[in-house]
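The values are calculated or read from the model by the stated rules, or taken from the named source; none is laboratory data. Keep in mind the model is a prediction, meaning the values are calculated, not measured. We place every Cβ from the backbone using ideal geometry, glycine too, and count neighbours over all the protein chains shown. The protein model used for the area step is the full one, side chains on, heavy atoms only, and it has no ligands, DNA or RNA in it. Shrake-Rupley method; radii C 1.70, N 1.55, O 1.52, S 1.80 Å.
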Amino acid sequence: MPLSPGDSPGFLLWHATLRWQRDIATALAPLDLTHVQFVLLACTWWLNTQGEHPNQLALARQAGTDVKMTSQVLRILERKGLIEREVDPADTRAKRLRVTDTGADLAPRAIAAVEHVDARFFQPVPLDDAVALLGRLAHPDT
């Protein structure tokens, strides 16, 4: 006998994820960012603040995104004036990524908006418990 939807962890995770994604989209809409645009901008900004200028492959690995999709979204972020793609002197086939001044102003504001959503969303669960569970689900082999 299959589980009822209310007893199915996968079904509950599906609904929780949808609710969280809607909340994130609502928070990012006034900033004119989609969720994936936010993730790639925030990851690029963070890596830049660490002194790194990643190429698209390194950024996709950091963000956990598909490389081709990452390239497409980076073009949009570039058109919006939030990032610049520069030819890597060590490998002219690769593009190094740098957040523009506009992107560097927007990234921390977008991160704060997303962190606010996360704080509200995960409020019913102790933060350490949520991070431990999600970490185990995201990286089961560690």
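For the subset of region 90-110 comprising residues that are small (Gly, Ala, Ser) and touching a Phe, Trp or Tyr at 6+ places or on another chain (Cβ under 8 Å), which member is surrounded by the fewest Cβ atoms within 10 Å (Cβ to Cβ)?
Ala104
Using the structure shown, decide if Leu97 is under 15 Å from the mean Cα position of the chain (by Cα), farther than 21 Å from Arg19 by Cα and outside any loop (DSSP other than H, G, I, E, B).
No; evaluated as a whole, the condition is false for this residue.
Picking from Ala113, Ala130, which residue would you name as being assigned to a helix (DSSP H, G or I), open to solvent by less than 50 Å² (accessible area, probe 1.4 Å) and touching a Pro at 6+ places or on another chain (Cβ under 9 Å)?
Within the list Ala113, Ala130, the selection yields Ala113.
From the set of residues in region 59-88 that are farther than 20 Å from Leu106 by Cα and of a type in the set (Val, Ile, Thr), which is least open to solvent (accessible area, probe 1.4 Å)?
Out of the qualifying residues, it is Thr65.
Go through region 1-40 and count every residue that is surrounded by fewer than 13 Cβ atoms within 10 Å (Cβ to Cβ), among the aromatic types (Phe, Trp, Tyr) and touching a helix residue (DSSP H, G or I) at 6+ places or on another chain (Cβ under 8 Å).
Result for region 1-40: 0.
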